[in-house]
Structures are given as structure tokens and as C-alpha cells.
1. Can you compute the modelled spin-label distance between A:MET107 and B:THR334, with each label point 7 Å from Cα toward Cβ, in nm?
2. Of B:ILE89, B:GLN368, A:GLY219, which is farthest along the charge dipole of the protein assembly as shown in the positive direction, counting Lys and Arg as +1 and Asp and Glu as -1 at C-beta?
3. Would you work out which of B:ILE128, B:VAL56, B:LEU185 lies farthest towards the positive end of the dipole of the stretch B:39-188? Charges go on Cβ: Lys and Arg +1, Asp and Glu -1.
4. Shielding of A:92-104 by partners, i.e. mean partner chain Cβ atoms within 10 Å per residue?
5. Under the definition of partner shielding as Cβ atoms of other protein chains within 10 Å of a residue Cβ, what is the mean value for peptide A:134-147?
6. Return the sequence-ordered ³J(HN,Hα) values of the stretch B:321-334 in whole Hz as given by the Karplus equation 6.51 cos²θ - 1.76 cosθ + 1.60 applied to θ = phi - 60°, using x for Gly and Pro.
7. Enumerate cysteines in the protein assembly as shown without a disulfide-compatible partner, where compatibility requires another Cys Cβ under 4.7 angstrom.
8. Amide H of B:ARG157 versus every other amide H placed in the peptide plane: which residues, excluding those fewer than 5 positions away on the same chain, fall under 5 Å?
Amino acid sequence: MPDETALLRVDSLTVFRGRRKVLDCVSLEIAEGEPFAIVGESGSGKTTLLYAVTGLLAMSEGTVKIRGRRVAALSARERAKLVGLVFQDYQLFPHLSVWDNVLLAPMLHGKMGADRLARRLLEQLRIDNLASRHPHELSGGQKQRVAIARSLVLEPSVLFFDEPSAALDAKTSDELAVLLRQISDRTQVVVVSHDHAFIERACTRGARMASGRVVREGGLAAILDHEPRWTLPR
Amino acid sequence: MTRPLRWLALLPILLAILLTTSRSFASGETLRVGLSGTYPPFSHFDEEGNLAGFDVDIARELCAKIGRECEFRVLPWDGILSALLARKIDVIVGSMAITEEREKQVLFTSPYYESGAQLFVRENAPAIGQRGFRLGVTLGTTYGQIASSRFPEAEVRTYKGDVAILQDIQSGRIDGMVTDRLVGLHMNERYGAGLVPHGELLFTERMGIPVHPDERQLHAELDHALRELRSSPAYPRIRARYFGDERAGVAGGAGFSWRTSLTLLGRALLATIEISVAGISLGIALAVILAALLLWAPALVARPLAFYVDFIRSTPFLIQLFTVYFGLPAIGVTLGAWTSAALVIAIHSSAYLAEVVKVAYQSIPAGQRHAANTLGLTRREALVHVVWPQMLPLLSAPSLNTLVATIKDSAIVSVISVHELTMQAQQLISTSFRPMEFYLLTALLYFAITYPLLLLGRRMERRFRAKGLLHAG
């Protein structure tokens, strides 16, 4: 019996790219709690899952529900209140300052108290001194924090991270793992990554994908220790 | 957020409004009189920049007699009949000889003066029967045919006007010209042209005033007025004003003044800027619409549009100009010279800029639209607040370059009588006969407006690059 109260529920999700089935009847539930990891090798379907759940990609079959609401039936605006995404390459808006990057969406949505929240977020993420800078003046780690603030200011129920540690050095990567645990009280963090070392520091549970399916779910031990046989030695 | 750039987006729209609200030519009780303005002493511009000459005075007398006001339109001689037939003008009072061929197309009044074609040669010219003798005539005149048939040995070259022929005679490029005897003598008197009349008159011509074949009423009125004028004391008075005693040559015009010439050039420069900016602004607006259709319209619309853009880019500006100005009246759309010129500049530049706009749009990474989407922005909001502001830096330099090219190319629109810098320079040269000074000065004036624009373009590019908004060159 599926849990109708699950925060995020993916049910029989199938996605085609051209004629190729890239997601094959994926079902997954994420209850509110610690950061959740979705791991898997390149081509396992984890990025497709991420794009389908955040509404960037049309799904062929199945449903995605967040807080019981079908994502596919929502407008972009309503969807943004439920789910956010921090891109691997951040995708900050280069023509806007940090402050305007964070405030563009809430201003357009007419969100009350957004600037107070934005100020608090910038302080918590320790980028309040960068508010008037433009993206090209920031380091990779700083850009990522701006992208996190830009998503959090909309107060989504779930916030996805696409390969967040890929472009970071070891120290910044450690700091990020700590940060993700910290912001877990604001939103459900879901990390899509194949960086096991990072996952071990940031998350406590997750799912493993392979060939367009969820093959394992549970604690880190269950999803990380068993390497599929086609994986190259690390 | 995007405040410093926002005015840039509004600029084309404002100027397009300006374009559509200004400059509507109405023809009520005025009589639109066409002439070349490069045929002294019959029609030319005096040192004040005003039209003057025998034809002009005759036209004014006729207008007074039929109770209408003269509105003079200066047109190149080779296009003046087309302009009459396209009803851009009502009459031509421009020393047009009555010929059988022309009478098939238009109605001529009785002649208002008689003259004759004369061969003039420069001093030290080679003998006329010799091969390689080079002869100049004005395009669209009766002199062209007579020169070819009477001097079969000579190489006949055609020009836009007598002044241009005289310039080539003086520089030794050609050896002689066939023109009206009175005009040749006037040029000797006025410019010390040193032309030597050679032989008898080649033929005599009777000059009449053509009107559109459907304007029988106007034709009758003018013919009546002309007969009255020729028998009145006003006619010999006008004749004496320009030709005095014919054997003694032609009375010289007023003196030359740099001050008034510069004022006139300055005014014409403003006209050049005005028409270029209006044309380009409308062009940018059109280009954005075109690009949007090329990107998003269904193939049924986008394919023909892509072909249209290629077509405009593959045809000469001059032909497009003539099509709009002379061609459209045939299907009932008559636009003034200024409006036609601005419209063609807009159409021409929009074809180039549409491609630039399209490429600028495509160069914004899809990730930017995805990011806007996950933040809950609608497609319109993403376009206005995320994509368009990033396109502007990519558009600014090509737009400025197109503006510079347009300002330079706008010289062409003088052929449909738009009074701009190049036309003003030619008029000043036709009265002052100082081609070197005025062409150099005109070039400098063009440079004075285009160079700062080029510098501005470079500065904007540097600024955008510093802000991280421009990556590839």
C-alpha cells in the first residue's frame, strides 16, 4: 500500500527520448527528512528523472506527486513553490546582480516578504557581502550558493541538486556537504550525483539507479557498497 | 533590475511612432512641379539653396495664372517621366523637348521656348571625326540619340547632368558634350568652362510642359495660361533675366558664400541622420518581429519568410527603392519620397538584422530558459527578464554597424528626390563648381557622424565584455 502522505511520490514513470526508453517504469517515494541521494552511473537515468520531476521534461507515462499534487498538472509558478533545482552549472542570470538573481522570481510572483527572506538566506549562506556583484565576479562555490539562495527564496518543499560537487575542490565540497545538512530544515534536499565520497558526507539515505530503473533503495550502505559489475574501478 | 538597458528596448518603438506621424505629403491646391535642379540657368539652386532659373520663374507665373501654388519636386532627369506617370508630380517644367516618342506617353502644352542642340568641345580637343573622341550627354535627353547618329565615330558617355559632364571635360576624361546652346554658353560665362561651340545647331527643339494623359482639364488650363504668358510683357522680362542679349551670353548668378553653403550642408546632414535613424529604428522593430516569426512560426509561415529575407538580402537597395517609389503607385499605393526612403531603409536593414536577432536568441543557452522555468517564470517573463536583456549586448554592435552603413548608403535616396547630404552637396557643386572642396567636406561630414558611432559601438562592446555579457567575438 503506497504511502499517500509521502512528500515526493514517483509512480510508474516512463520517459522516452526519441524511441529510446530512458526511464522504465520508475517508482520512488521520498519521505521528509535527511538529505536524500540518487546515485548511479552516467546513462542510468538519474538526470532524466531529475528533469522529469522538476517539470523540464515531458513524461510519457506515470505520475509525479509532491505533497499529493500532480506536478504535470501545475503551472510553472505553482510548481516552483513545490520543487526547485540547483543546476550543475548553476545557470545564474549573468546580466543581474546577485541580489537581483535571488529576487527576480519572487518579485515577479509578488511574494510577500521576499526581500527579508533573501537577506536572511544570503547571511546564512555567507554571501551577503556579494549582493551587488555580478555572476562573472564570483568563484564557482560562490555561484553555487547564489543559486541555492535563488531556489530557497521560493521556499520549495523539495530542492534538487544536479551533481553539486562536480566542479568544486575538496574543501568547498566538504563545506557544501555541511551546508546541505543545514538547509535540510528548510526543504527536503535531494542530491543527484555519482560522487560517492560526497554522498557519504551529505546524505544518509537514497536510491540507486541503473538502466533507467531504481535498483536499490535504503541506507547509504545499501546503495553505495554494492558496485554494479560494469563499473570501472575507482 | 535591467534598468540601464531598458531604454534601448524602447528606442525603436518611439522612433517608429515618430516616423509614422511625421512627414505626410498632402496635395491639395498645390501644383507639384517636377524639375531636375541641375540644369542652370533653367533650373538650379542659388547660393541660398533656393530653386531658381528660367523654368522655375515660368512655372511660378503659370501657377499664379491658374490659381494654384507651386510645389517644386527635384528629381533626376532620367526618372522624371516615370514620376509624372506615377503621379508623384503633376507637371514637368524642366525644359523637356517635345518629341513624338514622349507624346505617346504624355500630353504636351504648346512650347514655352525654342532652343537647339549644340556640340561643344574643349580647347585642344582631338578632331571630331577621329576615333576615340569622347562625348558626354545627359541620360534621358534627346541629345543622346543625336550624338550617336551624327557622330558615329565618337564614344558617347551618359551622365546624370550637365555639371557632371563639365567636370569630366575639365578633368580631361572626355572631349566634348552635346547640350542646349544656351546652357553651354551659360556654363562658359559662369564657370569659365572654355567650351567651344562646334558647327551649326544639330537640330532645334521646342520645349513643352508635359502632364499626365488623364489630366485633360489641367492640360487645357496650362495651355491657355501659357499662351497668355507668352503674349504678355512678363515673358520677355523673364527671358532677359537669364539670357539678356543672347549673343552676349548669360548673366552671371549671385556670388558664392561658404557660410550659407555650410549652413545648407549642416541642415542636409540633419536630414540624413533623421532618415537613417527613423529607417533603422523601424528596421530593428521589424527585425525583432521577423526573427520571432522565423524562430517560432509554423513552417508554412517561416519557410516563405526565410525566403523573403534571402530575397531582400540578394537584391540591390536601389531596385527596392525604385520598386516602392515608382512601382507601388501602379497598384494604388502612393508614398512620399521621404516615407518611401525610410520604409526601404527599414525593409533592407530588417532583413540583415533579423538574422542577427535570431542568432542572438539562439546563442542564449537553453539552461537559462530552464532555470527561469524552474523558478516559476512564464515563457513571456523568461523572454522579457532573462533572454532579451542578454540578447541586447549581442544586438548593439551589429545594430550600430547597420546604422553606420545606412547613414553612408542613404546617399542613394537622393535619386528619388529626398533632400539629404549628398544631394545638397551636388546642388552646391552645380552652382559653385567646387567639386573637390564640397565632396571632401561632405565625406568629412559623413565621417563626423559615423566615426563616433563606431567608437561608441566599440566602447559598448568593451563594457559588455567587462560585465561578462559578451564572450565570443
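None of the figures in this text is laboratory data; all of them are computed from the coordinates on show. None of the values given here were measured: they were computed from a predicted structure. With ideal geometry, Cβ positions are generated from the backbone for all residues, glycine too; neighbour counts draw on all protein chains shown.
1. 5.3 nm
2. A:GLY219
3. Highest projection toward the positive end goes to B:ILE128.
4. Averaged over the peptide's residues, the number is 5.
5. 1
6. So the J values, rounded to whole Hz, are 5, 5, 4, 6, 7, 9, x, 4, x, 5, 10, x, 10, 10.
7. Taking the Cβ cut-off of 4.7 Å, the unpaired cysteines of the protein assembly as shown are A:CYS25, A:CYS203.
8. Placed amide hydrogens put B:LEU135, B:GLY136, B:VAL137 under 5 Å from B:ARG157.
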